[in-house]
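The values are calculated or read from the model by the stated rules, or taken from the named source; none is laboratory data. Predicted, not measured: the structure shown is a model, and the values here were computed from it. Reconstructed Cβ throughout: ideal geometry from the backbone, glycine too, with neighbour counts over all protein chains shown.
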Amino acid sequence: MIKKSALPLGRISLFLAILVWLALLLVDLVRIFGMINNLDSGVSEEVTWILEILFFIFIYLVYRRIFWKNKQSDFLTLIWRGVSTGLFAASAGLLTEVIYLALGESKIGTDPFLRNVFYHINFALTSAFLIFITLLWKHLILYQKNKQVVNQWQVFEISLLGALFFVFFNHNNLDYSFLFGLTILLVISILLAVNLKWIPYLNFKEKWKTLLFLFLIMGCTVVLFYRVLDSGNEGNLQINLTDNLFLLALFGFVFVYGLFSFLVTLFNLPTSSVFEQKLTEAINFQKLSQSIQPEESEEQVLDILLDSCISASFSDAAWIELNPKESFQVKNPLRFLDESIKTEIRSLLPKETQSWVPASMTEAHQAQSIRIAHANYKSALMVHLLVNKSLLARIVLIKEVKEGFNKEMIGIIGTFARQACISVENHRLLNQAIENERYQEELKIAQRVQKALLPLKLDHPASFDICAYSNTADEVGGDYYDTYQVNETHFVLIMGDVSGKGTSAAFHMAQMKGVFQSLIQLGIHPAEFMNKANGALSKCLERNHFITASIFEIDTINKSFCHARAGHIPTLWYKAAEKAADFISIEGLGLGIVRNPSYKNHVQEETFEYRSGDILVLLTDGILEGRKETGEQFGYDRIKIIVEENHQKSPIQLQQEIIDALHQFVGGDGMIDDDYSLMVVKFK
Amino acid sequence: MLQLERTKEGNKDILRLIGEVDASNSVLLDQSMQEILQQGATFLLIDGNQLGYISSAGLGVFMSYLDDFSEQGIQFAIFGLNEQVTEVFKILGLDRLIQIVPDKSTAITLGNEP
């Protein structure tokens, strides 16, 4: 940022201007004294002219500073300042007249010194007024800048500068060169005077005020001009300050531009409302096209839309009908009319407009002008608002005159309506996007949490190898597996499957883990575990949900395992001795299906002995039900065969075989539409 | 894809399932059964002849009505299931709580048993 100098230029200029004025006065008084006493004062004309020029320059600097500081002020404030300066100068002049009239031929009245003082005072005020108004006109002319105008103004300024120093060549004689210079300056003034683009921006009231102010300014100008002519003809003066090309040119410029402005403002009065109307429409359009802020609602957009439509068409009354499907209400759906009249008019409108199904897209976008035969209202305009291909609302505008809606009104109302619909659509899409993003974030968090629920390490002793794998269909899922070391010789394995998939299954999976981790510490047997688990889960499962589970308690000393199955996919048991695999068959109802103590009659446990080389494969139904494009499922038999053929491999390898086979079976076009999990145990 | 067809034969309401029941349409099954119960059915049969597959969501729907059936004394049976689907019911253990019969005639005679 360039810091403007701290020097109060305005004050310095003002000070210097006053100083110069005093010098002018002094010089003239000296001259008069010399003339009275028939002495040669020794002060040449040039001194006065130089002082005069300096005075003009300093006054110009003072006012230029004022204008620069008040750049943002509106026209009227600045014009008013011009008026007040003018009134001050003119009244000073008139007052001087009056004083001299009163004084008449008295001693004081004829005193040349006093007369001179008054002359100088009036000269200063007149110059100040003219220079101020010139700068004011400059501000107005350059309101809408383009290259041409700026160039023209610069030519004018240079010419004025020339006129300022012209006095040295011309000595203030009204000869041909003087008149020539004056004419040139007047012509340029007229050329500049067509730049009146600031006038349409005034509203009706402001235009009247402007007319008054311009009238006053021109009045003051005329008064001051006559005074100048008067005092010029007096002949009493030694040096005529005011027969100056510069000042006269300014008189001309001020008057010409003032006159043009006055006339144009006057003739613009009848049509000023059109411009104001256009301005209001543009503002309304901008309001409608702004994104709906978080604090605002769709209702507010419709509110603004209704108001805009009414004002754009000068309607006498209007209402808005909202599609009953919408969840929000419009607080004031009726404008300037009551419910009964609305119902009357509604019945006069075409029947198709009663329904909320848009007949066709193009039709619905336009506004429809309708003639109605009502006592008070003779024409109506119906506007449809379409959002995302469905009808959001209908606006009906009515007027007391026939054919009250012209093409232009229909056009602008259509534009408003479309813009409002876009705003509403955007608002809804944005909300959806935000919700989706939030949802995605939540899912990611859930995924992280759930990953932590499955064990990283599976407890096992040296006597068997174990591995497990789980894959969710969505970000989170309902499959569960876990292990627990009771003591050095007893281990528990469990696999569970919550019905369904996704977030609600994931929640229940977490509950299952809690139940398992608590109950298993009690050292209870599998069937009892299932019974107690059923009791616990019955309290927290949702209505349509159940959990299946398979549990194994392995005794490595006795080489046996005790097993219970609660509705879960049967476990595959490969017996090394028979070199064959079979699914363990044992009855058991899923958890959460019978939510009372009678559940214990629906579950059992059985103990089996195992041998070295035996393999247990626990699964969930996702593996079983993975299917091809044809609809054929992976099925029990394939798993059986894979295990039999790969029985010599380690659990990890066997697990991989099964998963690879599953994916190969399903192929690119098939589906594994569920969570799937797998646990392989190989006894050494 | 799931289609549901309701018919009535005498005092028996029959709901035919056509297609597959999974998580996305299990709510339709739920709604249908809700409607049937609200209309005061006393004997509900599910025709599963054209049911290709049922997921745990679908099973959950049936299971959630078991209490209602026993409280209101409504007779309930499913018939015509293919092998695969029957197997699913058996593994879960639902076959001990829901009557699953091979065909319609057997299902109808259930009502005549004392």
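The residues listed here are A:Ile593, A:Ile658; of these, the one that is within 26 Å of B:Gly93 (Cα to Cα) and at pLDDT below 95 is A:Ile593. Of the residues making up the range A:364-384, not a single one is modelled with pLDDT of 80 or more, within 31 Å of the chain's Cα centre (by Cα) and farther than 19 Å from A:Ile410 by Cβ. Confirm whether A:Asp111 is out of contact with any Phe, Trp or Tyr (no Cβ under 8 Å at 6 or more places or on another chain), within 24 Å of A:Met218 (Cα to Cα) and loosely packed, with under 14 Cβ neighbours inside 10 Å. So A:Asp111 fails the test. Filter the range A:594-612 for residues that are in a helix (DSSP H, G or I) and away from chain B (no Cβ under 12 Å); which is surrounded by the most Cβ atoms within 10 Å (Cβ to Cβ)? The qualifying residue surrounded by the most Cβ atoms within 10 Å (Cβ to Cβ) is A:Lys600.
With the requirement that a residue be assigned to a strand (DSSP E or B), within 12 Å of chain B (Cβ to nearest Cβ) and hydrophobic (A, V, I, L, M, F, W, C), what does the range A:473-514 give you?
Filtering the range A:473-514 down to residues assigned to a strand (DSSP E or B) leaves A:479-485, A:490-498.
If we keep only those that are within 12 Å of chain B (Cβ to nearest Cβ) too, we end up with A:479, A:497-498.
Answer for the range A:473-514, where residues must be assigned to a strand (DSSP E or B), within 12 Å of chain B (Cβ to nearest Cβ) and hydrophobic (A, V, I, L, M, F, W, C): just A:Val498.
Out of the residues in the range A:626-643 meeting the condition of being free of Cβ contacts under 8 Å to residues at least 24 places away in the same chain and among the β-branched types (Val, Ile, Thr), tell me which one is surrounded by the most Cβ atoms within 10 Å (Cβ to Cβ).
Taking the range A:626-643 first, the residues free of Cβ contacts under 8 Å to residues at least 24 places away in the same chain are A:630-633, A:635, A:637, A:641-642.
Those still in the list that are among the β-branched types (Val, Ile, Thr) too: A:630, A:641-642.
Details: A:Thr630: 8, A:Ile641: 12, A:Ile642: 19.
Checked the range A:626-643; the qualifying residue surrounded by the most Cβ atoms within 10 Å (Cβ to Cβ) is A:Ile642.
For A:Ile547, which of the numbered conditions (1) within 22 Å of A:Gly622 (Cα to Cα); (2) surrounded by fewer than 24 Cβ atoms within 10 Å (Cβ to Cβ) fails to hold? A:Ile547 satisfies every listed condition except (2). For A:Asp497, indicate whether it is in contact (Cβ under 8 Å) with a residue 24 or more places away in the chain and buried (at least 16 other Cβ atoms within 10 Å of the Cβ). Yes: the conditions hold for A:Asp497. In the range A:655-684, of all residues being more than 16 Å from A:Ser470 (Cβ to Cβ) and more than 58 Å from the chain's Cα centre (by Cα), the one that is surrounded by the most Cβ atoms within 10 Å (Cβ to Cβ) corresponds to A:Lys682. Which residues, counting only those in the range B:3-42, are hydrophobic (A, V, I, L, M, F, W, C) and surrounded by fewer than 19 Cβ atoms within 10 Å (Cβ to Cβ)? Residues satisfying the conditions are B:Leu4, B:Ile18, B:Val27, B:Leu28, B:Ile36, B:Leu37. Answer yes if at least one residue in the range A:613-633 is hydroxyl-bearing (Ser, Thr, Tyr), in a loop (DSSP other than H, G, I, E, B) and more than 60 Å from the chain's Cα centre (by Cα), and no otherwise. Looking through the range A:613-633, none of the residues is hydroxyl-bearing (Ser, Thr, Tyr), in a loop (DSSP other than H, G, I, E, B) and more than 60 Å from the chain's Cα centre (by Cα).
Conditions tested, residue by residue: (1) in contact with a Phe, Trp or Tyr (Cβ under 7 Å, 6 or more places away or on another chain); (2) farther than 21 Å from A:Asn646 by Cα; (3) of a type outside the set (A, V, I, L, M, F, W, C).
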position	(1), (2), (3)
A:Ala566	no, yes, no
A:Ser585	no, yes, yes
A:Leu591	yes, yes, no
A:His602	no, yes, yes
A:Asp614	yes, no, yes
A:Leu624	yes, no, no
A:Glu632	no, yes, yes
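Taking the range A:37-52 as the range and being over 60 Å from the mean Cα position of the chain (by Cα) and closer than 16 Å to A:Val117 by Cα as the test, only A:Thr48 passes.
Residues in the range A:566-593 that are away from chain B (no Cβ under 11 Å) and not in a loop (DSSP other than H, G, I, E, B): A:Leu572, A:Trp573, A:Tyr574, A:Lys575, A:Ala580, A:Ala581, A:Asp582. When restricted to residues that are crowded, with 18+ Cβ neighbours inside 10 Å and either within 13 Å of chain B (Cβ to nearest Cβ) or not in a helix (DSSP H, G or I) (or both), the range A:515-539 contains 2.
Can you name the helices (runs of 4 or more DSSP H) wholly within chain B that have at least 1 residues being more than 10 Å from chain A (Cβ to nearest Cβ) and in contact (Cβ under 8 Å) with a residue 60 or more places away in the chain? Before you say what the answer is, go through the steps one by one.
Details: elements: B:26-38, B:56-64, B:66-72, B:83-92, B:104-112.
Result: B:104-112.
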